[in-house]
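Have a look at the structure below before the remarks.
Every read-out reported here was derived from the displayed coordinates using simple, explicitly stated rules and does not represent laboratory data. Note that the coordinates shown come from a computational prediction; the quantities given were computed from them, not determined experimentally. Every residue, glycine among them, receives a Cβ derived from its backbone with ideal geometry; neighbour counts consider all protein chains shown.
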Amino acid sequence: MTKPHGDAGIPWGALFILVIGAFMAILDSSIVNVALPRMMTVFGSSTDEIQWVLTGYMLTSGVVIPITGFLSDRFGHKFMYIASVIAFTIGSALCGISWNTNSLVVARVIQALGGGMIIPVSMSMIYKIVPREKIGMALGIWGVSAVMAPAIGPTLGGYLVDNFSWQWIFTINIPIGIVAVILSINYLEETEIQKDIKADIPGVILSAAACFSLLLALSEGQEKGWTSQYIVNLFLISGFSTVLFVLWELSVPHPLIDIRLLNNPVLVSSLLATCIATIALFSAVFLIPIYAQNLLGYTPMETGLMMMPMALVTGLMMPISGRLFDKFGAFGLTFVGMSVVVIVTYYLHNLSLDTGYRHLQVVLSIRAMGLGLASMPLTTAGMNTVPRMLVGRATALNNTVRQISASMGIAYLTYVLQHRQAFHTAVFRENISLDSPVTGIAAAKIEGYLASHGLLGEAAEQGSIELLSGMVAQHAFINALDDTFVVSAVICALVLPLTFMLGKKRVEAERKRQEQIYGSIHN
């Protein structure tokens, strides 16, 4: 059994090995997006077909995350980490040799079996091998992968696709995965193995049904329609499965996820705050590329480079935040950090077609500073109240919340963006009439410009109308984007009241209470 290194401090070698796997898994979830158009061309796939390259990965990882706590306790964290990296590496190799869309989707599912487990297993193992008084710094280092990878992914993916081929976004994982496995075998120590616990098969089935149906509904709701029978049925299945799962978990001696953990108000506040902070992260990672490429005309590579300073600032702040957390606790860091995120997110509602490249880089970097300061303490404060024996189950719960909140955030922000775009388009069209003198003057100027370039008569008139319609759509989109950032700022602000539950004294008191509760149960 690996004992916490109370005297030696943080086991840096083991931490580095765990960071490798986490970074590789999170990076691959975002690097694929930019390669989808190239895959559609190569395989002759439709948009609906190629979308399953993303959806299949998300659904599979969402299903396997809840069971990682049990698997790690039953077979050991080292064993499960190595197994998950091997599965991820094999899946990556199969993705690289895929010959059509269906084979690629199957390979992505295999890849997700490993990728979905790497994050919670590595996070849980850190809690097993690092003393609690050093956990902030350790998770700050590990958290660099969780925050930087989504921002680096599109840049790296664009570079590989443009200069090599789409297969490289997968095959690049193979040597990294092999190195991670070799290092893990030789340098990681196994944690305690609990051979007496039994598999909670009904819990596995119910959690899989709940997560699968919910994530599928969130991924397809915008396309199918949120009130369509298909999506409503998925939500009903998810809700019904969740209720049965909770009732079952409360009745068995060895639950898949111990629902009694939720009698811990600090952990509940931490989970809610983590959920909201995840949406805050994706509001920039998701919306800014749309703005940069669709409105400002930047290439994926240029967009990625624009967001790179944001990722670097976050990576720099995470270890600093971890060190401060170990010394002062979570409250001050989370309140200040999320306040910065709220203010800057609201400021982003001033984006226009004239916003400069460097200006946007600076604004996003300031926002990333706040997010980097707050994100790790939000999670760690709650996890620090969990008895060590239940850390595996708690990290599985935490990462399930992250997975669902990321999908929920993207789905909701997409809904707001499209709803507000339709609203602003209707307003503009109502106020802009071809009979209006202002519109007539603008149309005449456009016709004159087109005539000077050889387009005369009816063709020039039709061209001016199309250009005016394009301008209406463009301004409606930018207004909708600004509205979406206002909504995102309001969502981010919901974290602030929760930070008052994460003070250092409150966390320590709750940890002692939980240890007494679970100590008496196990005695």
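Structure above, values below:
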quantity: Estimated dipole of the chain in Debye, rounded to 20 [Cβ of Lys and Arg +1, of Asp and Glu -1, Cα centre]; calculated: 1820 debye
quantity: MRE, 222 nm, helices only [DSSP H, n ≥ 4, -39500 (n - 2.57), over the chain, to nearest 500]; calculated: -27000 deg cm²/dmol
quantity: Region 1-197, Cα convex hull volume normalised per residue, Å³; calculated: 108 Å³
quantity: Residue (of Ile197, Leu351, Thr227) at the positive-pole extreme of the chain, dipole from beta-carbon charges; calculated: Ile197
quantity: Kirkwood estimate for region 135-266, i.e. one over the average of 1/r between Cα atoms, Å; calculated: 19.5 Å
quantity: Positive dipole terminus of the chain, leading residue within Leu113, Gly96, Gly304 (C-beta point charges); calculated: Leu113
quantity: Cα Rg over Rh - the chain, Kirkwood; calculated: 1.01
quantity: Normalised convex hull volume, region 201-251, alpha-carbon set, Å³ per residue; calculated: 51 Å³
quantity: Leading residue at positive end of dipole, region 271-395 (Cβ point charges), from Pro377, Thr314, Leu281; calculated: Pro377
quantity: Ordering of 491-497, 318-324 by burial proxy (mean other Cβ atoms within 10 Å per residue, highest first); calculated: 318-324, 491-497
quantity: Cα-based Lys proximity count in the chain, under 23 Å, for pairs eight or more positions apart or on separate chains; calculated: 24
quantity: Estimated FRET transfer efficiency (Lys195, Thr355; beta-carbon r; R0 56 Å; 0.05); calculated: 0.40
quantity: Debye log10 I(q)/I(0) for region 272-341, one point scatterer per Cα, at q = 0.11, 0.15 Å⁻¹; calculated: -0.36, -0.62
